[in-house]
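The values are calculated or read from the model by the stated rules, or taken from the named source; none is laboratory data. Owing to the predicted nature of the structure, the values given are computational and were not obtained by experimental measurement. Note: ideal-geometry Cβ built from the backbone for every residue, glycine included; neighbour counts use all protein chains shown. Heavy atoms of the whole protein, side chains included, go into the accessibility calculation; ligands, DNA and RNA do not. Shrake-Rupley method; radii C 1.70, N 1.55, O 1.52, S 1.80 Å.
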Amino acid sequence: MTADTQAPQSEIGRARLRKEDARLLTGETNWTDNMVLPGMLHMAFVRSPMAHARITSVDLAAARSMPGVIAAFSGADFAGEQGSLPCAWPVTEDIVVPAHPPMATDEVRYVGEAVAVVVARDRYEAADAAAAVDVSYEPERPGGELTEGARGR
């Protein structure tokens, strides 16, 4: 065995050989967005534009009647089944975490909270149908008194 006595060359300013560029530049890379599987369906969520509001109605009729739509559901359709998202960062052992269903059922608590979902044959039909869902909100004052869902049970 012989020891290599050459000093390491500096990496500063040297070109790096990249082997993935050809696939990226020619569109041959697989992403979850461009995967196509037999029978694959696409989902689009309807999200709240309100920071804090009661959901007074969700009308899915127009979305359900659109071409390519397989199903459309509101959070209320899954109220008894969807449970609550876990707290990703429990700060203390005795933290009280309010229920946080994946889709809002009767109240939204932040802008972008999912209220409904549409399932369709392609992503564009799903997006168009999601835009056709009519959700009515009754705005509530942010903060202040805790609502029933935010009290922790």
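Structure notes:
- Rel. contact order, % - alpha carbon contacts under 8 angstrom, at least six apart, segment 1-134: 37 percent
- When 47, 16, 109 are compared by accessible surface with a 1.4 Å probe, the order from highest to lowest is 16, 47, 109.
- With protein chains left intact and a 1.4 Å probe, residues in the chain average 74 Å² of accessible area per residue.
- Options (i) 20.4, 64; (ii) 24.4, 79; (iii) 16.2, 47 - which one matches Rg and Dmax of the Cα atoms in Å as calculated here: (ii)
- Measuring r between the beta carbons of residue 82 and residue 138 and using R0 = 22 Å, the FRET efficiency lands at 0.50.
- With all protein chains in place and a 1.4 Å probe, the accessible surface of the chain carries 56 percent carbon and sulfur.
- For the chain, a Gaussian network of Cα nodes joined below 10 Å ranks 90, 98, 67 by mean-square fluctuation, and the top entry is 90.
- Helical runs assigned H by DSSP (4 residues or longer) give the chain a calculated mean residue ellipticity at 222 nm of -3000 deg cm²/dmol, each run adding -39500 (n - 2.57) before division by the residue total.
- About the Cα centre, charge dipole magnitude for the chain (Lys/Arg +1, Asp/Glu -1 at Cβ), debye: 440 debye
- Each part reduced to its alpha carbon centroid, segment 83-146 and segment 1-60 end up 25 Å apart.
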